[in-house]
1. In this structure, does A:Asp384 turn out to be charged (D, E, K, R), in contact with a Cys (Cβ under 8 Å, 6 or more places away or on another chain) and buried (at least 21 other Cβ atoms within 10 Å of the Cβ)?
2. Considering region A:338-350 alone, what residues qualify as being facing chain B (nearest Cβ under 7 Å) and either surrounded by 22 or more Cβ atoms within 10 Å (Cβ to Cβ) or modelled with pLDDT under 95 (or both)?
3. Which ranges mark the strands (runs of 3 or more DSSP E) fully within region A:83-179 that have 2 or more residues being in the same structural domain as A:Arg422 (by TED's automatic domain parsing) and of a type in the set (Val, Ile, Thr)?
4. Could you check, for region A:230-238, whether at least one of its residues is outside any helix (DSSP H, G or I) and touching a residue at least 12 places away in the same chain (Cβ under 8 Å)?
5. What is the residue count in region A:308-363 for residues that are in contact with a Pro (Cβ under 9 Å, 6 or more places away or on another chain), closer than 15 Å to A:Ser272 by Cβ and among the aliphatic types (A, V, I, L, M)?
6. Are any residues in region A:125-143 away from chain B (no Cβ under 14 Å) and under 19 Å from A:Glu421 (Cα atoms), and if so, which ones?
7. Based on this model, can you work out whether A:Pro390 counts as at pLDDT 95 or above, assigned to a loop (DSSP other than H, G, I, E, B) and closer than 26 Å to B:Ile33 by Cα?
Amino acid sequence: MTCLISTEKLTALNDKYRPFAEIAQDLKEMNEYPPKFHFSAKDNICATGFQARAGSKILEGYRPPFDATVVRKMREANGILIGKTNMDEFGFGTFCTNSAFGIPLNPYDLERTCGGSSGGAAAITALLDKHVALAESTGGSISCPASFCGVIGFTPTYGRVSRYGLIDYANSLDKIGLVTRSVADLKRFLPVISGPDRRDPTSCVQPELRLDGPKVKSVAIPEEALQNLDPAVLRAFETALDKLSEMGIEAHRVSMPSLGFALAAYYVLATSEASTNLARYKGMLFGVRGGKIDQSFNDYFSEVRSANFGKEAKRRVLLGTYTRMVGFRDRYYLKALAVRQLIIKEYQGLMEKDDLIITPTMPFIAPRFTEIAKMKPLEIYQADFLTVPPNLTGMPHISLPCGYEDKMPIGMQLVAPHWEERRLLDVAERWCDDFKIRFPEVSG
Amino acid sequence: MKSVARNARLKLTEAEIREFAKDLEDVLSYFSILDKAPDTGKHDFNSVPVSNVLREDEVSREINAEMLRDSMDTYQDMVRGPKLT
């Protein structure tokens, strides 16, 4: 058997598209019996044999002595980890432009972003035949890059997949999921990575994962999600709705007023949690060490953090620290928790009548780096307004390619009730029977 | 901003303080939309119900202690760190 994957081939791909933070140096196992499959892991997922830097200079040199549960499970299923994929620092970004280790490029157009924060995961999945990527989403980090790179991005219910070995961004929001090229791969690997794990208590209350069930009959479209969209995205989305109708899936327009609060609630919770999670990076336990040891405690920590956190990491730590400070906690943090419950309730109410909620995944096609450079931080945060709501609620969701504008892919996002991943798989399977997903022409 | 940075254990330059102050002003102004949201009175940390998972303690060594020691700044098997005062 000849192995089609080699370190040389991956290095050539990486030279052009930069999806990897690190590439496996020995891939001869790919040729050994029993047959193997290749997978990658986002660089915030720990794996032996690789550094785990989560896109941050502060974790340079950190080599975890253990496998994250998802990596262990994929390896036990005969998977070969071929590399760690590049990402925004700690997941802080929408365009994968915030990594300390280079910016991955969109396989369809090197002048455009591949999306974030799991940008490398989506790019390598688009580029490499038969590849599956372990990715992670806090506020849209699987859906967004999947949409921009024209692949399938699946974010399971919060708690479906163990997060043991994941470098936390925001504990109440982080979810490990998959980026794949086909629904068959999704149905193959979702059961592999799912299931209770005593090392992650949030995974221990889940009902059994079921892949099959009743056919999806209808979807709801929140009117609020159709505002401020690029006309090309709206066109592709409406064409997709027509195709779904031909498949026997009715679409109903609904109103979902709570969506207007989702983005603010999400950024309050995500940055609050991130600012406490990042307190562990202080130049002692992981990655780079601090400077002079004879400094005071606070000076030592502050120096190493200031020198090694990127700009967006500093911005989010500051924001999260502020919203948790005395006098502001009730206004921001507690209110955001209450809003999360409000949005969950509204989703649940809508899905008593319709099986799923559907929207475009992103409001525009992958922007050019020159356009991103002109955006203010708040404008970048606002680009997440479609991916944040399901992530805030912990509900499973999928981004499926649904059209193309010139050569650039456009995605649609479907959301299901907690633990009802099978509804998403049903629509995905029916959709992909009819819609031909394109892949970029690759030159190494 | 200086006080927030101190709490966050970040040393910022004057230019960074000016830049982040403006960014945070924009974002916090946007966050004020939350003032208009109804308060459900429910403040659960998790989006799905979570139960405590307790088990008996088990003695095990899953990670090599020497590996941990070698990955930290140590002196005679002790971890070195800055002064507490």
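1. Judged against the criteria, A:Asp384 is a match.
2. Matches in region A:338-350: A:Val339, A:Arg340, A:Ile344.
3. The qualifying strands (runs of 3 or more DSSP E) are A:152-155.
4. Among the residues of region A:230-238, at least one is outside any helix (DSSP H, G or I) and touching a residue at least 12 places away in the same chain (Cβ under 8 Å), which makes the answer yes.
5. 2
6. Hits for region A:125-143 are A:Val132, A:Ala133, A:Leu134, A:Ala135, A:Glu136, A:Gly140, A:Ser141, A:Ile142, A:Ser143.
7. Answer is no for this residue.
Residue by residue, here is whether (1) over 24 Å from the mean Cα position of the chain (by Cα); (2) facing another protein chain (nearest Cβ under 7 Å); (3) more than 23 Å from A:Arg340 (Cβ to Cβ) holds:
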residue: B:Ala8; (1), (2), (3): no, yes, yes
residue: B:Asp23; (1), (2), (3): no, yes, yes
residue: B:Asp35; (1), (2), (3): yes, no, no
residue: B:His43; (1), (2), (3): no, yes, no
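The values are calculated or read from the model by the stated rules, or taken from the named source; none is laboratory data. Predicted model, so just to flag it, every value in this text is computed and none were measured. With ideal geometry, Cβ positions are generated from the backbone for all residues, glycine too; neighbour counts draw on all protein chains shown.
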